[in-house]
Number of protein chains: 2
Amino acid sequence: MSITTVGLDADDTLWHNETIFRLTHDRFVALLADHGDRDTIEARLAGTEQRNLRLYGYGVKGFTLSMIETAMELTGGEAPPSVVREILAAGREMLAHPVETLPGVDEALAALSERYRLVLVTKGDLLDQERKLAASGLGDLFAAIEIVSEKERGTYDRVFTRHGTGPDEAVMAGNSMKSDVLPALAAGAFAVHIPYAITWAHELADAPENHPRFGALDSIADLPAWIDERA
Amino acid sequence: MSITTVGLDADDTLWHNETIFRLTHDRFVALLADHGDRDTIEARLAGTEQRNLRLYGYGVKGFTLSMIETAMELTGGEAPPSVVREILAAGREMLAHPVETLPGVDEALAALSERYRLVLVTKGDLLDQERKLAASGLGDLFAAIEIVSEKERGTYDRVFTRHGTGPDEAVMAGNSMKSDVLPALAAGAFAVHIPYAITWAHELADAPENHPRFGALDSIADLPAWIDERA
């Protein structure tokens, strides 16, 4: 068996992301505290995000628009200007937030890049993902960057065929069972789940049972050894 | 000389886009008519967009956020909720707008795709551009889609190397002198300017003088013949 290519998710696999969304959620809940308790506000925001995914896709800009829309809903269409301004500011801060790579990432990617072709496969806003990659200092380790609107079986088939030797000889690693692991396995690739402390509800899914190409690791630090054993 | 690959811009080259932005501008000016005349409002919006390009990039979502921000500026931070709701609705309508291909596009692309590898090269929101391509019915004619955050010399070098036989054997066609023509020529490709009725101020630039690889056409209908003569 041969492995030539390693696909890596970005947000919450290489650097913190959901933590920053969480902080913004907290700020949003505080802003609208007069109009509902935390659970109510969170549920409305999640509903708006889910409904808007088809139009807005993933990323901070769509999230910001969904926050404003939810604020309008929770206030009967009368969200005060100060709330809207705060939400705009929160979105801008998310987009300008410093990028902090997760523990072990720098070393693991340096090791992997010596032996395999690395491909970044991520959803989100194009410009924002490019910014984060540049700020992370990891950009030079990747042979290719694929910013995609959905992560489905066909996505991995296409990405690993274009940038590697096909999914059969590729590994995908990431924190989302739903987006990184299951569709990559379906495409015929290896897939490794590396959980992050928080997972967005939209990305939850069960682990595959007894799949010969599936792995679960506690840390990205263990990824090079896992792949080397199978290559 | 040989030409193997043709790059095509999307918005205002294959389908109407600026027209839809214009309609939204008109609506925005009407909404804020109590706070300034058309020129003032347009100038503030253009200033906000320009300032936010670095954070938001190109596309409808960033434009919507910039409209809300401008409304706040023009009202001393007190834009009424109804104005914000109208702007959100306008943004959503832009994202859901039907795609109308420009005259001659379908025939020109069908002819070109028989002889050359077609690559779509466009800025804007990832999901929105994918939606418009799908809705246009033109998707199957393209060998590759590149949605990029900026169109610079290096962009064309990379795209035509990855999807073709290098910029030397490629043509880029689009409505923006600044984004489609000048950087493609700088990369060593041929480039054809096909103007649209309206050009966003940000995309204006002078035509190159006496450049052997530059062409200017009134309609995309003339593009296959222009390329065939040089291939």
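Derivation of every value follows stated rules applied to the coordinates shown; laboratory data play no part. These figures come from a predicted structure and were not determined experimentally. All Cβ positions, glycine included, derive from the backbone under ideal geometry; neighbour counts span all protein chains shown.
Observations on the model:
- Cα-centre dipole for chain A with unit charges at Cβ (Lys and Arg positive, Asp and Glu negative), debye to 20: 560 debye
- Shortest-first distances to equivalent copies, position A:ALA197, nm, label 7 Å out along Cβ: 5.5
- Here the range A:18-96 is treated with +1 on each Lys and Arg Cβ and -1 on each Asp and Glu Cβ, and its dipole about the Cα centre works out to around 320 debye.
- In a fully extended conformation the segment linking B:GLU93 and B:GLU42 would gain 16.3 nm over its present Cα-Cα distance, using 0.36 nm per residue.
- Distance from the B-onto-A rotation axis is smallest for the Cβ of the chain B residue given, in whole Å, as B:LYS61, 2.
- Shape category assigned to the range B:130-231 from the gyration tensor of Cα positions, a/c cut at 1.5: rounded
- Helix B:81-96 vs. chain B, principal-axis angle (Cα, 0 to 90°, nearest 10): 20 degrees
- For the residues A:ASP26, A:ASP157, A:ASP128, a GNM of chain A with alpha-carbon springs under 10 Å puts the largest fluctuation on A:ASP26.
- Here the Gaussian network model covers chain B, with springs between Cα atoms less than 10 Å apart; of B:THR155, B:THR40, B:THR165, B:THR40 fluctuates the most.
- Tensor-based shape of the protein assembly as shown (alpha-carbon gyration tensor, a/c under 1.5 rounded, otherwise prolate or oblate): oblate
- When only the Cβ of Lys, Arg, Asp and Glu is charged (+1, +1, -1, -1), the dipole of the protein assembly as shown relative to its Cα centre reaches about 260 debye.
- The orientation-averaged projection of the convex hull spanning the C-alpha atoms of chain A amounts to 12.3 square nanometres.
- Cα gyration tensor category, rounded, prolate or oblate, for the range A:18-96 with a/c compared to 1.5: rounded
- Sorted shortest first, the separations between the A:GLY77 label point and its copies elsewhere in the assembly read 2.7 nm; each point sits 7 Å from Cα along the Cα-to-Cβ line.
- Taken residue by residue and averaged, Cβ atoms of other chains lying within 10 Å of the Cβ of B:54-64 number 6.
- Residues of type aspartates and glutamates that B:LYS123 reaches as a straight line, Cα spacing below 13 Å, ignoring anything fewer than 8 places off in the same chain: A:ASP125, B:ASP9, B:ASP11, B:ASP12, B:GLU146, B:GLU150, B:GLU152, B:ASP180, B:GLU203
- Pseudo-label separations to other copies for B:GLY36 - Cα-to-Cβ vector, 7 Å, nm: 3.3
- Helix axis angle, A:105-115 relative to chain A longest principal axis, alpha carbon, degrees: 30 degrees
- 31 Å Cα-Cα threshold exceeded, pairs from A:LYS178/B:LYS178; A:LYS61/B:LYS178; A:LYS178/B:LYS151: A:LYS178/B:LYS178; A:LYS178/B:LYS151
- For the pair the range B:1-76 / the range B:201-227, the C-alpha centres are spaced 24 Å from each other.
- Taking the C-alpha atoms only, the angle from helix B:153-163 to the longest principal axis of chain B is near 60 degrees.
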